[in-house]
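Only one structure is covered here, and it is reproduced in the block below.
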Amino acid sequence: MQRGIVATQIALTSALLLAAGLLGRSAGNVAGSAEPFVADDVIVARLSLPSSTGSDETYGSLDAQYRFVARLVEALENDPAVRSAAYASSLPLDRPRPVPFRVDGSPTTSMLPEAGLVTVSAGFFPTFAVVPVEGRVFDASDRGTSAPVVLVNESFRDHYLGGGPAVGSRLRLGDAEDAEPWLEVVGVVPDLWHRPNAPEQQAGIYVPMEQVDVGDSRLRLGPWGLAYPTLAARGIPMTGLDVSRIGVHVHAADPGLPLRSLESMRAVTERRLGRYRVWSHFWMAFGVAALVLVALGIYGVLAFGVTLRTAEIGVRRALGASVVSVQWSVVRRSVVDVGLGLAAGLAVGRILVQGLAHLLYGVDPEAPATYLGVAALVLGVSLAASWWPARHASRIDPQVAIRTEG
């Protein structure tokens, strides 16, 4: 019964450590997930433009909304405390709206693939210090009167453009060929959001806000158009940017305009990614506690077994048994129990991890490295816990043992 309890302890601990290991690796991936963009010194504000009639020159049409947002972005860029400013329909780490698309030259099919679509102003990528991995980002030359252009992220390039050079490729948004013109890819940027459980949803397309009047504007901006714009401003390094800076400019443009939110991009990042770290620490704490209990359990059972076998061990020593053979006779029981417990625990852990898949960030739950690491850790702790009782058994004096038994 004691050995069964120890084996059960080992099984539960192995399952917990497997979950903790995967979530720990996930937390490590989370820590590096914001590297493609800068979150420090960036303030973001989400606005809500009031509903107005078409006769309203401020908000009544898409053109009016565009002019209002463009004026706000320009005002922010002219602020001496602001390094760059931009509009974006989705911030980094947000889940953008998926739209169907067609790549020029791809086979015709009734089921078009989808990718996340983000509309941004020309200053978006400089504001978040995003450097293109190929080609260029949007600039002042990308206007409604110029050739329509588009940027794609690395996942889009790898999934839909063969992973090779993407600049010069063409794609069309939507499934109505007469609504959207062909858009030329002028650059590739890093992935700014991740979908660990659905890699195909990581593919992204960026179109310039300055070309919203090209093709279907509702497709590019969504059904609400520019009614809910998001502004971002990056401060001058070393000087800092007060979180209320955007609010000052919004109030100057329209004192009655409400702000849905106003916060730093660092706070947005922590909120988006915080759950991965919390769950990682939670499972890690349970795993460490269980590992300590396993070590104590193995030590206690083996130490008690050595006490019960004192006379037997004394006779063995008197008949010439070596120190190593006595130690191995004690450790052998631990090895068998650990092996059984590990096998059961890793099987249970695999099932447990499937239920935690939504918390894994860029981690393959089937990767053998974590399983091998957990097995090595549990085996090492178990052998360490077995060493002291085995050492004690090898030092039993045969005469004292037999006399005690008599």
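The values are calculated or read from the model by the stated rules, or taken from the named source; none is laboratory data. Note that the structure is a prediction, hence the values are computed from the model and not measured. With ideal geometry, Cβ positions are generated from the backbone for all residues, glycine too; neighbour counts draw on all protein chains shown. For the accessible areas, the whole protein counts, side chains as well, though only heavy atoms, and no ligand, DNA or RNA atoms are used. Shrake-Rupley method; radii C 1.70, N 1.55, O 1.52, S 1.80 Å.
Loop-resident GluC sites (Glu not before Pro) (DSSP state other than H, G, I, E or B) in the range 143-235 with no more than 12 further Cβ atoms inside 10 Å of their Cβ: Glu177. Of the residues Ala252, Thr230, Trp279, the one whose Cα sits farthest toward the positive end of the charge dipole of the range 224-303, with +1 on the Cβ of Lys and Arg and -1 on the Cβ of Asp and Glu, is Trp279.
At full extension, Val243 and Asp94 could sit 51.6 nm farther apart than now, given 0.36 nm per residue minus the alpha carbon distance. Accessible surface for His281 stands near 120 Å², nearest 10, in the context of the full protein assembly shown (1.4 Å probe). Note on Trp182 and Asp104: their simple-model spin labels are 0.3 nm apart, each label 7 Å out from Cα toward Cβ. Of the residues Ile10, Ile5, ranked by 1.4 Å probe accessible area with the largest first, the sequence reads Ile5, Ile10.
Less than 11 Å from a label point 7 Å out along the Cα-to-Cβ axis of Asn78: which backbone N atoms in the range 253-269 qualify, by residue? None, by backbone N distance to the label point. Please state the shape class of the range 116-230: rounded when a/c is under 1.5, otherwise prolate if a/b exceeds b/c and oblate if not, all from the C-alpha gyration tensor. It is rounded, given that a/c, with a ≥ b ≥ c, falls under 1.5.
The range 125-188 and the range 69-107 have Cα centres lying 13 Å from one another.
For the range 199-288, the solvent-accessible area of protein heavy atoms averages 49 Å² per residue (probe radius 1.4 Å; ligands and nucleic acids excluded).
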